[in-house]
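To start, the structure itself, in structure tokens.
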Amino acid sequence: MTAQFSVPLETAAGVAKGRILIVEGDANIADALCSGADSGGYQVVGVCRDPRLAVDAAIRTRPNLVISGIFFSGQPDGIELSRTLQQDLGLPVVFVGKADDPMLMLQISMVQPAGCISDARDHRYLGAVLGRALKGVRTSVGSPY
């Protein structure tokens, strides 16, 4: 059985640019996000596979930012999670995933994420979005930076 929440055993040497909690149900995407965040100098404080556990994980690990998937088990649970994390904990959220449906894009824009990325393997873009999000600069969907 796969753990629903884990804390990485190792972190990059030196001072991290920020503490990141990843909430993503797909292990391959979560791994790509961990790799990209780590290579960009960010400390991944945990990976949560279930959005229902993410608020408690955020309270325990105290991240500066959350990267969240949009869909979990076919439902856009990441949107409600984003709303909760922002309103209750004051945490910026960056979404990962494709949002090509106009209604979904509207739902995403209404929660005002700190950014959106469609390809977790694009470490350069991920680093740029995380850096801007931690400075309070929102990155719009499809923005090259």
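Details
- Close pairs (6 angstrom Cβ cut-off, 6 or more residues apart or separate chains): closer than 13 Å to V66 by Cα in segment 125-144, modelled with pLDDT of 65 or more and β-branched (V, I, T) anywhere: L126/I117; V129/V94; V129/I117; A133/V94
- Strands (runs of 3 or more DSSP E) fully within segment 12-110 counting 1 or more residues that are under 20 Å from R132 (Cβ atoms) and small (G, A, S): 65-69
- S35 falls short on exactly one of the conditions (1) touching a residue at least 60 places away in the same chain (Cβ under 8 Å); (2) surrounded by fewer than 22 Cβ atoms within 10 Å (Cβ to Cβ); (3) hydroxyl-bearing (S, T, Y); (4) closer than 22 Å to V137 by Cα, and that condition is (4).
- Of the residues contained in segment 53-66, one or more are found to be at pLDDT 90 or above, farther than 23 Å from Y125 by Cβ, acidic (D, E) and surrounded by fewer than 14 Cβ atoms within 10 Å (Cβ to Cβ).
- For Q112, the criteria (1) closer than 23 Å to P63 by Cβ; (2) loosely packed, with under 14 Cβ neighbours inside 10 Å; (3) modelled with pLDDT under 90 hold in every case but one, which is (3).
- Within segment 111-123, the set of residues being of a type in the set (A, V, I, L, M, F, W, C), part of a loop (DSSP other than H, G, I, E, B) and closer than 13 Å to K98 by Cβ comprises A120 only.
- Evaluation of S73 against (1) closer than 18 Å to A99 by Cβ; (2) surrounded by fewer than 17 Cβ atoms within 10 Å (Cβ to Cβ); (3) modelled with pLDDT of 90 or more (one fails), failing number: (3)
- Sole residue being closer than 15 Å to I117 by Cα, crowded, with 23+ Cβ neighbours inside 10 Å, out of contact with any His (no Cβ under 8 Å at 6 or more places or on another chain) and hydrophobic (A, V, I, L, M, F, W, C), chosen from V94, V44: V94
The values are calculated or read from the model by the stated rules, or taken from the named source; none is laboratory data. Since we're looking at a predicted model, the values are computed, not measured. Note: ideal-geometry Cβ built from the backbone for every residue, glycine included; neighbour counts use all protein chains shown.
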